[in-house]
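Below: the structure, in structure tokens.
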């Protein structure tokens, strides 16, 4: 394996914006797995590459120099090296490729693991019409979910399947191995948030993309009446109702004084 041809971030399966703590944690995990003394998963060549990648990325100066010279090659669709069109094997390969794409996104960006149909089409390199049966099957098996925004994400059962079958399915292993020349990692561009940056949300009353205003009402806590300062038992927060609503009919409550229940006379 030529070190110069390997992307260190992809080899460690981390974002180019990963912080030092993440790099160190991933290094320790992979070092235990790839160390030559590990008779099950040890790999001397990969362990040497791991050490080289860690030495570079854990040093701020060397990492900055590496980032400045790092130029990812143009992404090639997975169909350039994997047959997706054959009758039976092609369908099986399509299922594995979809799972691999969603698995990679779930691992790399767990807060935003969804992948849209257009992106799946682009990564795999063939028309989306061929994905209809594939996506239907994977949903029925419970491996993937279709979100409300029509994007797809991998379920925990799907993660288990990928990790369980990787060792016995050469195509799946090829899709997930960064140095294979046809991996998912080589076709996907990471969408990450810069360290320290926070997701921005529309302010109260601001229009969202679909022109729907987000209204965050903050009425004052009641200071008068029988519920002044009391806690709303339903949500465990102070009662903030300014206008009382009669729950039975949805009408405005007209009572100005609380009703005292009369004692039962035996």
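The values are calculated or read from the model by the stated rules, or taken from the named source; none is laboratory data. Predicted model, so just to flag it, every value in this text is computed and none were measured. Quick reminder, even Gly has a Cβ in these numbers, built from the backbone with ideal geometry, and neighbours come from all protein chains shown.
Would you point out the residue of the range 17-61, among those that are buried (at least 16 other Cβ atoms within 10 Å of the Cβ) and within 23 Å of the chain's Cα centre (by Cα), that is modelled with the lowest pLDDT? That would be 18. Note on the range 112-218: no enclosed helices (runs of 4 or more DSSP H) hold 2 or more residues that are under 17 Å from the mean Cα position of the chain (by Cα), modelled with pLDDT under 85 and over 19 Å from residue 9 (Cβ atoms). Residue 87 meets all of the listed conditions (1) under 29 Å from residue 158 (Cα atoms); (2) surrounded by 20 or more Cβ atoms within 10 Å (Cβ to Cβ) but one, namely (2).
Check the range 109-117 and report whether any residue there is surrounded by 15 or more Cβ atoms within 10 Å (Cβ to Cβ), within 17 Å of residue 171 (Cβ to Cβ) and in the same structural domain as residue 170 (by TED's automatic domain parsing). Within the range 109-117, none of the residues are surrounded by 15 or more Cβ atoms within 10 Å (Cβ to Cβ), within 17 Å of residue 171 (Cβ to Cβ) and in the same structural domain as residue 170 (by TED's automatic domain parsing).
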